[in-house]
Amino acid sequence: MYLFSKITILLLINYIKFNIVEYFIFGRGKLVNLTIDYLLNSNVQKIYVVPEIPEPEWMDSVVEHCNKKDIQTLNFEDIFQYTSNQSIGVSIYFSKIFRKIHIENFKYLINLHNGPLPKYRGVNPVNWALKNNEKTHGVTLHYIDQGIDSGDIIDQEHFSINQNLEVIDVYNLCLQAGEKILKRSILNIENIKPIKQDNKEATYYSKVDFEKLGDRKFFTRNES
């Protein structure tokens, strides 16, 4: 009886060890910190953070926030030492590229993009939306695949914009929309049926297009 109980306990420990969901948050700024707090308040036990280094001076510091909350930070190259078959990765404005080996090491690997995919794949989606006189914009949570912002859509939030707004204004609207999406979806991923992107509707901008933005290159038209 004692031996049976001991074996049962060991099996239970191993089951718990390999079935605890762990979150890896990649990125920078306010939304990373808000996501950390949301997961902590939701009693998520294992949280790792891979901050963007160096951190942009104009953004809230992720490193300082992790130190205050006693959250372990990792280097991007070291994540394989910590991932398991229950790992969920959430990329929030993270600039490093996730390759096939990274994708395969996560149960789910998702990205928050400041554009209404499949439109505005690539860089500077907010700037391009204003440059193109869009009347609405949006934020998308999608699975990471080996393409550029081409993975299946998990969630989206849309909002109105107009030409009186500066890039910084729409960026702040994206932060608000992004917070809604993350709180709505990251603890509920398994229950959300993703939607494939329609590549016929896709638009894409790269860094080489930057000068074409004209007076929408930076946060305000005066800066541009």
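So, in Å, what gap is there between the alpha-carbon centers of the stretch 133-147 and the stretch 79-96?
20
Just to check I understand the Karplus step: with θ = phi - 60° and J = 6.51 cos²θ - 1.76 cosθ + 1.60, what whole-Hz values come out for the stretch 199-210, glycine and proline as x?
Whole-Hz 3J(HN,Hα) from phi for the stretch 199-210: 5, 5, 8, 6, 10, 9, 10, 10, 5, 5, 8, 4.
Mind scanning LYS46/LYS69; LYS46/LYS107; LYS180/LYS200 and naming the pairs with a C-alpha gap bigger than 21 Å?
Over 21 Å Cα-Cα: LYS180/LYS200.
Within the stretch 129-224, report the trypsin sites (Lys or Arg not before Pro) that DSSP leaves as loop and that have at most 12 other Cβ atoms within 10 Å.
Working: sites: LYS131, LYS135, LYS180, LYS183, ARG184, LYS196, LYS200, LYS207, LYS212, ARG216, LYS217, ARG221; in loops: LYS135, LYS196, LYS217, ARG221.
Here the sparse-neighbourhood loop sites are LYS135, LYS196.
Considering only DSSP beta bridges whose two residues both sit in the chain, what percent are antiparallel, to the nearest 5?
35
Once label points are set 7 Å from the Cα along Cα→Cβ at both GLU57 and ASP70, what is their separation, rounded to one decimal in nm?
It is 3.4 nm.
Can you work out the Karplus-derived ³J(HN,Hα) for every residue in the stretch 162-177? Use 6.51 cos²θ - 1.76 cosθ + 1.60 with θ = phi - 60°, whole Hz, and x for glycine or proline.
Once rounded to whole Hz, the list reads 7, 6, 6, 7, 8, 4, 4, 5, 5, 4, 5, 5, 5, 4, 5, 5.
Can you give the calculated 222 nm mean residue ellipticity of the chain, where each DSSP H run of n ≥ 4 adds -39,500 (n - 2.57) and the sum is split over every residue, rounded to the nearest 500 deg cm²/dmol?
Helix-only estimate at 222 nm: -9500 deg cm²/dmol.
Mind telling me which of ASN127, ASN85, ASN33 comes out most flexible in a GNM of the chain, alpha-carbon contacts under 10 Å?
Maximum fluctuation in the GNM of the chain, among the listed residues, is at ASN85.
What residues have an amide H closer than 5 Å to that of LYS46, excluding those fewer than 5 places away on the same chain, when H is modeled at 1.01 Å from N in the peptide plane?
For LYS46, the qualifying residues are TYR23.
Regarding the chain, what are the three Cα extents along the principal axes, ordered largest first, in Å?
76, 39, 28
Bear in mind these aren't lab numbers, they're just calculated from the coordinates by the rules spelled out. Just so it is clear, the structure is predicted and the values come from calculations on it, not from any experiment. In this analysis, Cβ positions are derived from the backbone assuming ideal geometry, glycine residues included, and neighbour counts consider all displayed protein chains.
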